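Structure first, then comments.
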Amino acid sequence: MTDACIRAFVEAIHACPTQLVLYLSGGASQALGMLMSVPGASNTVLEAVVPYTRMSMIQLLGKIPSNFCSQQTAETMALSAFNRALKLSRPGVPVLGVGFTGSLASSRPKLGDHRFHLSTRTSDQLWVSTVTLSKGTRTREEEDKVSSHFLLKAIANACKVPATFISELTVSESSDECEQQFSEDQELEQLINGDICFKVYPFSSDTQLFNEERKIILSGSFNPLHDGHLKLLEVATRICGNGYPCFELSAVNADKPPSTVSQIKDRVKQFGKVGKTVIISNQPYFYKKAELFPGSAFVIGADTAARLINPKYYDGDYGKMLEILSRCKNVGCTFLVGGRNVDGVFKVLEDFVIPEVLRDMFMSIPADSFRMDISSSEIRKNHRM
């Protein structure tokens with residue numbers, strides 16, 4: 001491809017809404033330069049990592065791969081990159097994970113094929129390609145260029161960017177591709193099993209929110225979603241001043257079996273009806289939610305705040321409680337606390353003793369701004385009567 005064609009190719013990628021994370025090892029290094037040298041890269045590239053040594057790859061994947069240059073490793077890299085992109089992207093933005101691992105020409109002759117494996121992962125698709133090159137026909141730089149062009153083509157295809165790609169392979173070289181589509185049910189199963197970290201349903205139509213990186217999150221089971229939830233998040237958003245308001249529901253529970261796919265989909269429908277974004281995660285604990293959504297403001301009731309600062313829920317260890325909550329603080333998370341009935345008494349944040357080192361992490365929602373004593377459990381109870 002000519003430089004002009006590559007530039008047009010990359011401009012089209014940057015113009016689409018998809019944001020991506022790339023994990024590249026053993027080749028396609030020129031693709032990074034091609035992506036980053038064209039204006040608009042910050043719209044597209046969230047992060048690029050080159051795990052080039054054995055230990056770097058092991059730490060990236062969290063395990064020792066059976067083969068460092070293989071289709072399976074490329075797929076695992078792409079999935080890991082996809083989850084990383086979910087964490088780094090703005091809510092509701094389509095994300096892409098890219099994994100590449102190659103064994104190209106080097107300073108020493110290689111016994112095996114010169115080859116590379118490339119994989120892309122979106123929320124509903126896994127794509128993988130294996131390309132085998134003829135040995136001795138290209139320099140390392142030329143092989144890297146071929147793999148870089150393949151990488152750009154794969155990114156464009158995943159971003160649904162129309163482009164014409166002229167193959168640079170010879171008749172003796174091979175390229176094998178396969179893809180797998182995922183239904184919504186399969187995506188949710190993957191989430192429950194821990195393969196993907198969360199799924200966003202961006203029901204909100206407020207376009208002014210799309211550029212907000214900070215999330216304002218109201219977590220709960222929402223069985224059912226009621227006006228109190230909607231009002232609480234609305235008030236919290238006004239207090240925060242800026243941020244993307246969204247609800248969050250964990251498919252995995254701390255003290256009971258995970259929700260089923262049908263249960264999750266039924267809960268999600270409630271948010272579609274009122275046009276509010278909801279995130280389905282697999283983390284029931286706030287310190288784990290903080291790792292998923294760093295820098296977020298979590299909206300909680302006084303009953304939840306009472307449990308958060310009670311050593312009883314940390315094996316009776318006050319130091320452990322401080323350590324865990326400090327982790328939330330260190331990643332920039334805060335808690336906005338609304339008044340709730342606690343053991344039959346209406347309480348607000350000021351009724352609790354917050355440890356000094358954590359005090360600036362908690363903010364009160366004034367009772368005159370929000371007070372609603374009804375709960376989802378009471379609604380279910382009244383509905384059964």
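The values are calculated or read from the model by the stated rules, or taken from the named source; none is laboratory data. Keep in mind that this is a model prediction, so the values were computed, not measured. Cβ atoms come from the backbone with ideal geometry, glycine included; neighbour counts cover every protein chain shown. Side chains are part of the model used for accessible areas, which takes the heavy atoms of the whole protein and leaves out ligands, DNA and RNA. Shrake-Rupley method; radii C 1.70, N 1.55, O 1.52, S 1.80 Å.
Could you go through the range 222-237 and let me know if any residue there is under 21 Å from the mean Cα position of the chain (by Cα) and hydroxyl-bearing (S, T, Y).
No, there is no match, as no residue in the range 222-237 is under 21 Å from the mean Cα position of the chain (by Cα) and hydroxyl-bearing (S, T, Y).
Within the range 154-169, track down each residue that is assigned to a helix (DSSP H, G or I) and either surrounded by fewer than 15 Cβ atoms within 10 Å (Cβ to Cβ) or touching a residue at least 40 places away in the same chain (Cβ under 8 Å) (or both).
Hits for the range 154-169 are A154, I155, A156, A158.
Looking only at the range 310-352, which residues are touching a residue at least 24 places away in the same chain (Cβ under 8 Å) and farther than 27 Å from L233 by Cβ?
Hit for the range 310-352 is L322, nothing else.
Name every residue in the range 206-221 that is at pLDDT 90 or above, over 17 Å from the mean Cα position of the chain (by Cα) and not in a loop (DSSP other than H, G, I, E, B), in order of residue number.
Hit for the range 206-221 is L218, nothing else.
Which condition from (1) in a loop (DSSP other than H, G, I, E, B); (2) out of contact with any Gly (no Cβ under 6 Å at 6 or more places or on another chain); (3) crowded, with 17+ Cβ neighbours inside 10 Å is the one that F203 breaks?
(2)
Do you know which residues across the range 284-296 are free of Cβ contacts under 8 Å to residues at least 40 places away in the same chain and either crowded, with 23+ Cβ neighbours inside 10 Å or in a loop (DSSP other than H, G, I, E, B) (or both)?
Matches in the range 284-296: P284, Y285.
I'm trying to understand the selection: among the residues of the range 265-279, which are aliphatic (A, V, I, L, M) and either assigned to a loop (DSSP other than H, G, I, E, B) or touching a helix residue (DSSP H, G or I) at 6+ places or on another chain (Cβ under 6 Å) (or both)?
V278
Can you tell me how many residues in the range 8-34 are surrounded by 22 or more Cβ atoms within 10 Å (Cβ to Cβ) and touching a strand residue (DSSP E or B) at 6+ places or on another chain (Cβ under 6 Å)?
Qualifying residue count, the range 8-34: 9.
In this structure, is Q186 at pLDDT below 95 and either touching a Pro at 6+ places or on another chain (Cβ under 6 Å) or not in a loop (DSSP other than H, G, I, E, B) (or both)? If you could, list the steps in order and put the result at the bottom.
Working: at pLDDT below 95: no; either touching a Pro at 6+ places or on another chain (Cβ under 6 Å) or not in a loop (DSSP other than H, G, I, E, B) (or both): yes.
In short, no.
Let me spell it out: the conditions are (1) of a type in the set (K, R); (2) part of a strand (DSSP E or B); (3) surrounded by fewer than 17 Cβ atoms within 10 Å (Cβ to Cβ), and R238 meets all of them except one. Which number is the exception?
With (1) of a type in the set (K, R); (2) part of a strand (DSSP E or B); (3) surrounded by fewer than 17 Cβ atoms within 10 Å (Cβ to Cβ) applied to R238, the lone miss is (2).
Test D176 against the stated conditions and say whether it is within 30 Å of F293 (Cβ to Cβ) and either assigned to a loop (DSSP other than H, G, I, E, B) or open to solvent by 30 Å² or more (accessible area, probe 1.4 Å) (or both).
no
Scanning the range 100-153 for residues that are closer than 30 Å to S183 by Cα and among the hydroxyl-bearing types (S, T, Y), which turns out most open to solvent (accessible area, probe 1.4 Å)?
Ranking the candidates gives S123 first.
Here is a list of conditions, (1) touching a Lys or Arg at 6+ places or on another chain (Cβ under 7 Å); (2) open to solvent by less than 70 Å² (accessible area, probe 1.4 Å), and E213 meets all of them except one; can you say which number that is?
Checking E213 against (1) touching a Lys or Arg at 6+ places or on another chain (Cβ under 7 Å); (2) open to solvent by less than 70 Å² (accessible area, probe 1.4 Å), the one that fails is (2).
Residue by residue through the range 189-240, note down the ones that are aromatic (F, W, Y) and out of contact with any Phe, Trp or Tyr (no Cβ under 6 Å at 6 or more places or on another chain).
Kept after step one, since they are aromatic (F, W, Y), are these residues of the range 189-240: 198, 201, 203, 210, 222.
Matches in the range 189-240: F198, Y201, F210, F222.
Looking only at the range 78-112, how many residues end up being of a type in the set (A, V, I, L, M, F, W, C) and in contact with a helix residue (DSSP H, G or I) (Cβ under 7 Å, 6 or more places away or on another chain)?
At the first step, the residues of the range 78-112 found to be of a type in the set (A, V, I, L, M, F, W, C) are 78-79, 81-82, 85-86, 88, 93, 95-96, 98, 100, 104-105, 111.
Checking the rest, the ones that are also in contact with a helix residue (DSSP H, G or I) (Cβ under 7 Å, 6 or more places away or on another chain) come to 95-96, 98, 100, 104-105.
Here the count works out to 6.
Applying the selection to the range 325-363, what residues are assigned to a loop (DSSP other than H, G, I, E, B), farther than 25 Å from P245 by Cα and open to solvent by 30 Å² or more (accessible area, probe 1.4 Å)?
We begin by selecting, within the range 325-363, every residue assigned to a loop (DSSP other than H, G, I, E, B); these are 331-333, 339, 343-344, 348, 352-355.
With farther than 25 Å from P245 by Cα added as a condition, the list becomes 343-344, 352-355.
Selection gives D343, G344, F352, V353.
So S262 clears everything in (1) surrounded by 13 or more Cβ atoms within 10 Å (Cβ to Cβ); (2) in a helix (DSSP H, G or I) except one condition, right? Which one?
Result: S262 fails condition (1) only.
Is it the case that H117 is in a helix (DSSP H, G or I) and closer than 23 Å to V21 by Cα?
Criteria not met by H117.
List the number of the failed condition for L322; all other conditions in (1) touching a helix residue (DSSP H, G or I) at 6+ places or on another chain (Cβ under 7 Å); (2) assigned to a helix (DSSP H, G or I); (3) within 26 Å of V345 (Cα to Cα) hold.
So the condition that L322 fails would be (3).
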